[in-house]
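Rule-based calculations on the coordinates, nothing more; no lab input. Since the structure is predicted, the reported quantities are computational estimates derived from the model, not experimental observations. Cβ placement follows ideal geometry from the backbone for every residue including glycine, while neighbour counts extend to all protein chains displayed.
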Amino acid sequence: MDQILSQIGDAIGGVVANPTVQLILAVTAGYVVIVWLASALWAFVDMRRRTSNAFVPYATAGLVIVASPILFPFALLLHFAVRPRQTVADARMSQLRDAALESEVDVPLCPSCGKAIGDDWLICPRCRATLAHRCDRCGRAVSLDWDACAWCGASFDPPSGAVRTDR
């Protein structure tokens, strides 16, 4: 039995001693090391895009490096499982989109054509519908359905020919 194991060991030693096999093993080892370090760099860059915390990207890259060239695929799987789904830029864009939609909800609309109007406009510039009138005492724009000025307290009747619209 020892003789068979000795022959197998000599055969493996002869194959490994071959310069072509040594070159292939060296290139393979170099490739694995490059992929390992590139994975650590990718994990670092990915976490910088996904968090505003300055420490987390370094910890993630350190975890991949500490995992060694053999276990780094498991560290990358852990990175995929733990990392935030959204990047910081996507989260900010979502916040801006929500804020823009919220601000559009608060914009008053013309009762006639439905386009956005200003709070102090007297007529709609698109359809020429009467939106408000001016208070005779203070000169501020007052809605057509108000019976008194909210700023100075003056009582008044709406101008003749104006149609009351409830906004």
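The angle between the Cα long axis of helix 68-82 and the main principal axis of the chain comes to about 20°, on a 0 to 90 degree scale. Note: relative contact order over the chain, using C-alpha pairs below 8 Å and six or more positions apart, is 11 percent.
When the trypsin sites (Lys or Arg not before Pro) in region 1-95 are filtered for DSSP coil states and for at most 11 other beta-carbon atoms within 10 Å of their beta-carbon, the remaining sites are ARG85. Between CYS152 and ILE34, the distance separating the two model label sites (each 7 Å from Cα on the Cα→Cβ line) works out to 8.2 nm. Charge tally around PRO57: other residues with Cβ under 15 Å, Lys/Arg +1 each, Asp/Glu -1 each, net +3. Taking the C-alpha atoms only, the angle from helix 2-17 to the longest principal axis of the chain is near 60 degrees.
Model label points for ALA11 and SER94, set 7 angstrom from Cα along the Cα-to-Cβ axis, are 6.0 nm apart.
Using 0.36 nm per residue and subtracting the Cα-Cα separation, the extra length available between VAL105 and ALA141 on full extension is 10.8 nm.
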